Amino acid sequence: MKRYINKPTMKNTLLILTIGIMIAACGGKSKDAKTELEALKKQRSDIEAKIAELESVIAKTDTSTRVEVATEVITIPLQAQLFKTYIEIQGRVDADESVGLSSEIPGMVTKINVKAGDQVNKGDILAETDSRAIMQQISDLQTNYELAKQVYEKQESLWNQKIGTEIQYLQAKTTKESLEKKMAALQEQLRMTRVISPINGTIDGVNIKLGQTIMPGMSAINVVNFSSLKVKADVAESYSARVKNGNEVLVVFPDMKDSVVTKVNYAARAINPVTRTFAVEAWLTNGKEYHPNMVAKLRINDFQSEKPELVVPVKYVQKSTHESYVMIEENGKAARKVITLGREYSGNAEVLSGLKNGDLLITEGYDLVNEGDKVVSKK
C-alpha cells in the first residue's frame with residue numbers, strides 16, 4: 001500500500017505566513033494595552049485622592065453643604081431671688097440661768113427633797129443639813145420672846161393710860177425688839193442650812209448623799225432653766241461692721257442633726273485685745289432639746305439684697321481676658337452672654353447685669369458649645 005504525503009502548496013504557505021504576522025502584531029499590541037491600563041489606573045488613583053481632598057476642604061468652608069448636628073445640653077431657668085451671704089463661726093450653748101447650789105454653812109446632809117430631772121420653782125427647798133442646834137435655840141428664844149412681847153404690850157397699855165414710868169415702858173420695848181432681832185438672826189442661820197433654788201428650772205444633777213458633810217462653795221445640786229438657753233460665739237474683729245443686733249442666725253447642731261433660725265440679740269462693741277474678737281449671743285426659743293456647752297455652728301446673715309435678683313452658680317461662669325460670660329439657650333441655639341458679677345457666697349454669685357429673668361442657663365455641656373451652635377435640651 002502506498003502512502004501519500006501532502007506537500008505544502010503556495011497558498012498554504014502564504015496563509016501560514018499571514019497568521020504568523022498577525023500573531024506577532026497582536027502580541028505587540030497586548031503589551032502596549034497593559035502599559036496604558038496601568039497608567040490610567042494610576043491617574044484614577046491620583047484623581048480620586050484629589051477629589052477627596054477637595055471635598056474635605058469644601059465641607060469645612062461651605063456652610064451650605066454642612067449638616068449641623070445639635071449638641072445635647074441641660075438647662076435651668078433663672079429666677080430672681082434674695083441674695084444672702086453668711087458668716088460661719090463655731091459657738092456653744094449656754095444657759096442664761098444655771099446655778100450650782102450648796103449650803104451656806106458647814107453641815108451634814110439630813111434631807112434631800114429632789115432628784116435629777118425634777119422641775120422646781122424659785123424658793124423650793126431642795127436639801128437640808130443638820131439644824132437641830134439652831135432649832136433648839138429658836139425654841140428657847142421663842143419662849144422668852146413671847147414673855148417679852150406680853151410684858152411690852154402691858155407696859156404699852158399702862159403707858160398709854162399714863163400709868164407707870166417711861167423707863168419701864170422703854171425697857172419692855174427694848175427687850176422685845178432685841179429678842180426679835182435675835183430671832184431673825186437664828187431664822188437666817190436656819191435658812192442657811194437649807195439648799196434653796198433661786199430660779200425656776202430643772203434639777204440637772206444631785207451631787208450629795210445623806211449623811212455627807214458639805215461645805216460652802218461645794219456644788220451640791222445643779223439647777224438649769226432650759227427655757228432660757230442661748231448660743232454664744234466669738235466673732236473676728238473684721239466682721240464688727242457687718243454683725244449687728246437683729247441679724248438672722250441659722251444655728252446648726254451637728255451632733256443632733258438639727259438646726260434653728262433665730263436672731264442676734266447681743267453683739268458686743270468692745271473688742272477683746274488678746275483674741276481680737278467680739279462676743280455675740282442669740283436666744284434659743286426651744287431650749288429643752290439642747291444642752292449647755294453643746295457645740296453649735298452659727299451662720300450669721302451679714303448681707304441681704306434689697307430686692308430679688310438673679311443668681312448663678314460660679315462654676316458655670318467662664319472668663320475671657322477682660323470679661324465674664326455664661327452660655328444660655330435661645331431659640332434652640334447657644335448664646336454667649338457677657339455678665340457683671342457682684343458678691344459671691346457658697347458657690348453662687350449675684351448677677352448685676354447681662355441676664356434676665358427666665359433665661360435658660362446651660363449647665364451641662366456649657367463648655368462644649370460655641371456661640372450659635374445648635375443645642376437641644378435633654379429630657
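Overview of values
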item: For region 76-126, fraction of C-alpha pairs farther apart than 18 Å, in %; result: 64
item: Quotient of Cα Rg and 2.2 N^0.38 Å for the chain, N being how many residues it contains; result: 2.55
item: Shape box of region 204-245 [Cα atoms, principal axes, largest first, Å]; result: 57, 22, 11
item: Extension gain (nm, one decimal) between Ser56 and Asn357, 0.36 nm per residue minus Cα-Cα; result: 104.0 nm
item: Dipole axis of the chain (+1 Lys, Arg; -1 Asp, Glu on Cβ), positive-most option in Val280, Asn200, Ile125; result: Val280
item: Spatially proximal lysines relative to Lys34 (Cα-Cα < 18 Å; intrachain offsets below 8 disregarded); result: Lys42
item: Approximate spin-label separation Asn370-Ser45, in nm, with each point projected 7 Å along Cα-to-Cβ; result: 3.7
item: Max mean-square fluctuation residue, GNM over the chain, Cα-Cα springs under 10 Å, options Glu36, Glu350, Glu166; result: Glu36
item: Contour minus Cα-Cα distance for Asp96 and Leu82 (0.36 nm per residue); result: 1.6 nm
item: Theoretical gain in end-to-end length, Leu190 to Asn113 [0.36 nm per residue, Cα-Cα removed]; result: 26.0 nm
item: Average Cα contact separation per residue, the chain, under 8 Å, 6 or more apart, as relative contact order %; result: 25
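Read the figures in this text as sums done on the coordinates, not as results from a lab. Worth saying up front: this structure is predicted, and the values here are computed from it rather than measured. Heads up, the Cβs are rebuilt from the backbone with ideal geometry, glycines too, and the neighbour counts pull from every protein chain shown.
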